[in-house]
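Comments concern the structure below.
The values are calculated or read from the model by the stated rules, or taken from the named source; none is laboratory data. Treat the numbers as computed from the prediction; the structure is a model and nothing was measured. Positions of Cβ are backbone-derived with ideal geometry, glycine not excepted, and every protein chain shown enters the neighbour counts. Remember, those area values only see protein heavy atoms, side chains included, never the ligands or the DNA or RNA. Shrake-Rupley method; radii C 1.70, N 1.55, O 1.52, S 1.80 Å.
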Amino acid sequence: MQTLRASKCGLSTAQLPSYIIDVIDALTKAGYEAYIVGGGVRDLMLGLNPKDFDAVTNATPAQVKEVFGRRCRIIGRRFELAHVYSGRELVEVATFRAPPKKAVTSAHGMILRDNNWGNIEQDFARRDFSINAMYYQPRKGIVLDFCNAIDDIHNKKLRLLGDPALRFEEDPVRMLRTLRFAAKLGFEIDQSILDIFTPEMTKLLRDVSPHRLYDESQKLFTMGHLNRVMPMLIEFGIWQQLFADISPEITPFIQLAAKNTDQRISIGKTINPAFFYAVLLWKPFQNRCEYYLNKGVVAAEARAQAGLDVLKRQATRTIIPRFAETFIREVWEMQVRLLNPKPQQIEALSGHARFRAGFDFLLLREKSGDESTQGMGAWWDAYQQMTGDEKERAISQYNRQRAKSRRKASQEEHLEQKLTEHDVAEIEPLVNEAEGRKRRPRKEKPARDRDHHDARALPTDLSIVTADHPILKRKRVKRDLSTVIFGPTQ
Ligand code: ATP
Ligand code: MG
């Protein structure tokens, strides 16, 4: 063990928010040892902005509760922790951990309970990577380094503590953490990890709870380097474990959405991680829609059922919370509305709660070369910049064109329908269909329901959308927009 001077590691109390210093001070004052540990120390040393600070102490969770009283809550079963509210922030205070007892590991060696308290040396050995195992005491101005982690920081090396195979078996989520830190920090993965990081090893992820995997997937999506980590997920076989039904290829749409996510994070914008799930599952969703359409299910019902199926399948790997599932399905449903809006609903649609996400999604599809959007991404983009009068004109143009396009589409319908039936392969049902569900035979449908097949592209600049554009012709029906109600999109 070496004791480093914090100042020599580029650390000073001035960089620390008061909430973490308060927690360390309160524990120290009560007679306990307390350190900042983990990503906060690592990121500060690397000149990055830590997303949070974790504390570790020799006080048990019950003793931490005694120190902080009502500001403290004890959480977790497998991994008991104290949550301490300091000002408006929440600090995770962990207790030094000793090696787990044999009885609480699974048949594959995975640790099921981990509440065996220990001393700092034992706690250090339980951490994952050397660079995550430095203990910073800000008041003493020292960093305790048990494994020469400082060299790994300098050499940009990601090194697991202990035997890598054993550490992955104990907690397979460390495989995800390996790729996350390698991508986020731009570190090289140590050869000893690469040697055992096989597709066989990634199968251990099947034993991890889908709730925990969802949390980890969120961290991957929101760390700011999603675009960099995706090929790594595929290369190491993690993608296949996390997203069973999403083929392991980075389509232009997925890539653009990932870049867009990273860019938003880099400029401090918020992101909804469920949005990226909507992107990833878009293709499986469309395939599933086709499956139901080919069975003669009407379009709206096909979409509803396809959405349920795809999310249900994904839940076997990562359980997406209910509110996020609803968001995803609403974003998908918005695609239909935005692609072929009823003219009298256009203005109300642009004020819909899900408009922004649906529009962003449509635009990403369009910008990544999806011609089935028919230029409507650019249309909506331009529409939002218009004055009231311009909007009126754009809507009536759209109205005229739309009528023309629908007439033409119904003439082409018969032929197109035949082609589609031959193109799409049978897919086994993912869920049992409800007994007695009514299936209407497939019949001639208006173009609105078959929008995905119309690949005619609109000009991307609205100023050049003229009256002879295919979707801009129909008489506008006057309607009081404030009374327009959208049906549920679930
Ligand atoms: P970030 O918060 O930037 O994602 P972090 O390293 O702080 O990264 P946390 O999940 O906040 O990650 O965990 C805090 C610390 O707890 C880690 O730095 C590591 O020392 C330890 N730790 C977390 N998860 C594991 C794990 N699965 N196995 C071993 N140690 C872990
Ligand atoms: Mg952390």
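Key figures for this structure:
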quantity: Residue that is nearest to ligand 2 (Cβ to nearest atom) [pool: residues in segment 16-53 that are basic (Lys, Arg) and open to solvent by 20 Å² or more (accessible area, probe 1.4 Å)]; calculated: 51
quantity: Yes/no for residue 233 being open to solvent by 10 Å² or more (accessible area, probe 1.4 Å) and touching a residue at least 12 places away in the same chain (Cβ under 8 Å); calculated: no
quantity: Residue check for residue 213: over 30 Å from residue 59 (Cβ atoms), out of contact with any strand residue (DSSP E or B) (no Cβ under 6 Å at 6 or more places or on another chain) and assigned to a helix (DSSP H, G or I); calculated: yes
quantity: Single residue of segment 17-49 satisfying the filter (within 25 Å of the chain's Cα centre (by Cα) and assigned to a loop (DSSP other than H, G, I, E, B)) that is nearest to residue 130 (Cα to Cα); calculated: 38
quantity: Considering residues of segment 157-213 that are among the acidic types (Asp, Glu) and within 11 Å of ligand 1 (Cβ to nearest atom) only, the residue surrounded by the most Cβ atoms within 10 Å (Cβ to Cβ); calculated: 170
quantity: Hits in segment 236-259 (condition: of a type in the set (Gly, Ala, Ser), farther than 20 Å from residue 275 by Cβ and open to solvent by less than 30 Å² (accessible area, probe 1.4 Å)); calculated: 237
quantity: Test: residue in segment 56-64 that is within 15 Å of ligand 2 (Cβ to nearest atom) and either under 25 Å from the mean Cα position of the chain (by Cα) or surrounded by 19 or more Cβ atoms within 10 Å (Cβ to Cβ) (or both); calculated: yes
quantity: Checklist (1) under 30 Å from residue 216 (Cβ atoms); (2) aliphatic (A, V, I, L, M); (3) open to solvent by 10 Å² or more (accessible area, probe 1.4 Å) applied to residue 293, failing item; calculated: (1)
quantity: Answer residue from segment 119-142, given it is outside any helix (DSSP H, G or I) and within 14 Å of ligand 1 (Cβ to nearest atom) and is most open to solvent (accessible area, probe 1.4 Å) among those; calculated: 127
quantity: Residue check, residue 322 over 19 Å from residue 373 (Cβ atoms), in contact (Cβ under 8 Å) with a residue 12 or more places away in the chain and of a type outside the set (S, T, N, Q); calculated: no
quantity: Test: residue in segment 157-169 that is in a helix (DSSP H, G or I), among the aromatic types (Phe, Trp, Tyr) and either away from ligand 2 (no atom under 16 Å from the Cβ) or more than 24 Å from the chain's Cα centre (by Cα) (or both); calculated: yes
quantity: Checking residue 86 against (1) surrounded by 15 or more Cβ atoms within 10 Å (Cβ to Cβ); (2) polar (S, T, N, Q); (3) away from ligand 2 (no atom under 16 Å from the Cβ), the condition it does not meet; calculated: (3)
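Let's see how each residue does on (1) open to solvent by 20 Å² or more (accessible area, probe 1.4 Å); (2) closer than 23 Å to residue 221 by Cβ; (3) outside the structural domain of residue 256 (by TED's automatic domain parsing):
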{"position": "276", "(1), (2), (3)": "no, yes, no"}
{"position": "297", "(1), (2), (3)": "no, no, no"}
{"position": "310", "(1), (2), (3)": "no, yes, no"}
{"position": "320", "(1), (2), (3)": "no, yes, no"}
{"position": "331", "(1), (2), (3)": "no, yes, no"}
{"position": "353", "(1), (2), (3)": "yes, yes, no"}
{"position": "358", "(1), (2), (3)": "no, yes, no"}
{"position": "364", "(1), (2), (3)": "no, yes, no"}
{"position": "368", "(1), (2), (3)": "yes, yes, no"}
